[in-house]
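Before any comments, here is the structure.
Laboratory data are not the source of any read-out in this text; all were calculated from the coordinates shown. Keep in mind it's a predicted model, so treat the numbers as computed, not measured. With ideal geometry, Cβ positions are generated from the backbone for all residues, glycine too; neighbour counts draw on all protein chains shown.
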Amino acid sequence: MELFTNGAAAFSDILHCIEQATTSIHIHMFIWRDDAIGCRIAKAVLAAAERGVQCEICVDRIGALFEYSEESQKSLFHPRLSAWEKLEVKLLTWGGVKQHTTGTAHSDIAARLFAHPNIRIQNDVKTNDHSKFYVFDDEILIFGGINIEDKENGADARGVEYRDYMVKIEGKDYVSAFRQKRKEKINALADPVFLVNMKKPHRYFEIERNYVQLIKESKRELTIVMAYFSYIKSIQKPLLQAVNRGVQVTILISGSANFQDASNKRSVRKLLKLSKNRIRLYFSPRMLHTKLLLADDAVCFGSCNMAKQSFFHLDELNVLTGDPSLVRSVQADVAENLSCSTYIGDYRQIRYPRIKAFLESLVS
């Protein structure tokens with residue numbers, strides 16, 4: 001397994017895999033913006049289709065709300081919104097980071113993708129699927145938390161660096177096990193274990209209980225790096241129990257998240273207070289879009305936030321592994337992120353707009 005800790009590294013490898021694909025490409029994405037990296041990947045897929053590769057693209061309609069609510073505010077596969085969706089976008093832009101981009105849209109690329117006989121696209125179905133993955137030639141799987149958008153490839157409109165994870169797993173057996181898990185909810189492998197939240201064909205939500213189990217089983221160190229963090233009792237209780245039994249619990253979040261920042265701060269402030277400031281809390285100057293739980297010698301990461309929507313309403317995809325090399329890579333990246341972050345030693349240091357935090361908590 002190979003870990004990518006930022007979009008620049010992940011996209012470089014993804015583009016290489018697209019260029020090397022010989023039979024099939026499957027891309028399953030939450031957000032695919034009409035921006036530089038979005039168009040670059042689209043052009044690579046089109047070139048693959050031209051040489052006979054069968055391409056399948058699935059982009060959830062719910063992602064359009066986020067595509068239009070911040071950054072370039074352009075979507076590659078969702079050129080128009082309904083009146084209701086436009087209202088939802090207005091609500092989201094209340095907490096989003098906007099960047100009105102000038103210039104010509106790249107809709108001709110999307111049109112060429114839709115028209116190509118070797119490309120099948122599903123873009124108008126709203127399934128609330130937050131997972132992101134690629135499968136190449138049924139031999140290479142890449143998945144994690146990185147959407148296709150410029151900010152994941154460097155920095156957002158504010159100039160804030162983005163960090164997130166993708167993992168690359170090679171081998172037909174791994175790809176087969178991945179497909180089996182998504183279809184039949186069966187874990188064919190002992191390591192890595194694919195974890196899913198899925199509503200269809202049968203409702204199956206397992207990531208929350210796996211997060212809880214990892215917290216309960218931690219003995220030495222427990223580190224949580226989370227993009228969006230809700231206050232959830234199922235997580236709160238085992239976290240405080242871990243602190244009480246002497247586990248070093250560390251939580252790392254963005255000092256200024258692009259969404260739900262007030263709700264994030266409200267949640268960690270409450271946890272820090274309940275732990276009597278014994279949880280080690282850090283605020284990063286980066287936008288940590290990561291969804292990670294590192295417990296002793298095991299790591300779980302992917303698309304699933306510690307949030308009510310992720311646990312109970314969104315389709316999500318994580319991986320759980322004890323692979324020593326990958327765990328060491330995660331540990332090194334976490335240490336590097338902590339080194340440039342601000343330590344919050346007292347819950348009273350945390351300030352946030354209370355009304356906004358309450359409203360955000362209703363939908364987070």
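Tabulated results
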read-out	value
Descending Cα extents along the principal axes, segment 2-180, whole Å	45, 35, 31
For segment 191-363, the Rg and Dmax computed from alpha carbons only, in angstrom	15.2, 46
Neighbourhood charge, 12 Å Cβ-Cβ cut-off, centred on A9 and excluding it, Lys, Arg +1 and Asp, Glu -1	-3
J(HN,Hα) series, segment 14-26, from Karplus relation 6.51 cos²θ - 1.76 cosθ + 1.60, nearest Hz, glycine and proline x	4, 4, 4, 5, 4, 5, 8, 4, 10, 10, 8, 9, 10
Helix axis angle, 207-217 relative to the chain longest principal axis, alpha carbon, degrees	40 degrees
Interchain or long-range residues, amide H under 5 Å from Q73's placed H	Q99
J(HN,Hα) series, segment 6-13, from Karplus relation 6.51 cos²θ - 1.76 cosθ + 1.60, nearest Hz, glycine and proline x	7, x, 4, 5, 5, 5, 4, 6
Charge tally in the Cβ shell below 12 Å around V247, where Lys, Arg are +1 and Asp, Glu are -1, V247 excluded	+3
Rule-of-thumb Rg ratio for the chain [Cα; 2.2 N^0.38 Å; N residues]	0.96
Using θ = phi - 60° and Karplus 6.51 cos²θ - 1.76 cosθ + 1.60, couplings along segment 228-237 (whole Hz; Gly, Pro as x)	10, 10, 9, 7, 10, 4, 5, 8, 4, 4
Residue among S176, I148, T93 farthest towards the positive dipole end of segment 2-180, charges placed on Cβ	T93
Loop trypsin sites (Lys or Arg not before Pro), segment 210-277, which have at most 11 other Cβ atoms in a 10 Å radius of their Cβ (DSSP)	R220, R245, K276
